[in-house]
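Okay, so here's the structure we're looking at.
The values are calculated or read from the model by the stated rules, or taken from the named source; none is laboratory data. Note that this is a predicted model, so its numbers are computed, not measured. No Cβ is skipped: glycine too gets one built from the backbone with ideal geometry, and neighbour counts run over all protein chains shown.
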Amino acid sequence: MNARNNLTLPRMASTGGMTLTDSVFEQLLRSRIVFLGSEVNDEVANRLTAQLLLLSAEDPKSDIKFYINSPGGSVTAGMAIYDTMQLIEPDVQTWGMGMVASMGQFLLSSGTPGKRYLLPHTRVLMHQPSAGVGGTATDIAIQAEAFAYTKRQMAEITAQQTGQTFERITADADRDRWFTAEEALEYGFVDHILNREELTRSSVS
């Protein structure tokens, strides 16, 4: 019997009181689709990384589709998702819709090259990571150093993903920068803007 038909889903709470055993999310997962439709936090990251690891173990050769409609969120939680995407064997297609902002943008552009998609009316936001800094002067200095490292690391990765220079990424991310789908494609965040014909072709591939 096909292992996919025997897939048992872990019971882990997600946002809004839903669980992975809810019928919609169960069917999506059986179709190798994971969905980020909220702010990125530790709970969401744990759910998504568990799904990615589960699908990779179940079938390491078939693509995973990762749909993103997110305002962003925690950098550390987002990096856990990013690292898992790079770790697993299957290609991870990323599909942006609605608003893909901040860490959402970073995860969108982290999909497998050639397999990063946007729906036509998606808006993409890039900006530098933010951090709450407080405490003693020593604490503030330590936090500022850690923040500078994270900012540089994310800019370097984004430069590699997009083909832009590190200097341009850091300059463009210094303030909120919004992109239309066409602008995001030109910038290098994604490889395709989906129309109905391309969506049908991708669904059967």
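Which residues, counting only those in the stretch 164-188, are more than 18 Å from the chain's Cα centre (by Cα) and small (Gly, Ala, Ser)?
Ala171
Of the residues Gln128, Gln164, Gln153, which is modelled with pLDDT of 95 or more and outside any strand (DSSP E or B)?
Gln164
Can you tell me which residue within the stretch 169-199, out of those that are of a type outside the set (D, E, K, R) and in a helix (DSSP H, G or I), is surrounded by the most Cβ atoms within 10 Å (Cβ to Cβ)?
Within the stretch 169-199, the match that is surrounded by the most Cβ atoms within 10 Å (Cβ to Cβ) is Ala184.
Search the stretch 143-168 for residues being hydrophobic (A, V, I, L, M, F, W, C) and free of Cβ contacts under 8 Å to residues at least 40 places away in the same chain, and hand back the single one that is surrounded by the most Cβ atoms within 10 Å (Cβ to Cβ).
Looking at residues that are hydrophobic (A, V, I, L, M, F, W, C) and free of Cβ contacts under 8 Å to residues at least 40 places away in the same chain, I get Ala155.
Please give the number of the condition Asn41 fails out of (1) over 14 Å from Asp91 (Cα atoms); (2) without any contact (Cβ under 8 Å) to a residue 12 or more places away in the chain.
The number of the failed condition is (2).
Sort out for me the helices (runs of 4 or more DSSP H) sitting completely within the stretch 30-114 that have 2 or more residues that are surrounded by fewer than 16 Cβ atoms within 10 Å (Cβ to Cβ) and of a type in the set (S, T, N, Q).
Here the list reads 75-87.
Enumerate the pairs (first residue in the stretch 45-66 and among the polar types (S, T, N, Q); second residue anywhere and surrounded by 16 or more Cβ atoms within 10 Å (Cβ to Cβ) and in a loop (DSSP other than H, G, I, E, B)) with beta-carbon separation below 9 Å, excluding pairs fewer than 6 apart on the same chain, so at least 6 apart or on different chains.
Gln51/Leu9; Gln51/Leu20; Ser56/Ile88; Ser56/Pro90; Ser62/Arg32; Ser62/Pro90; Ser62/Asp91
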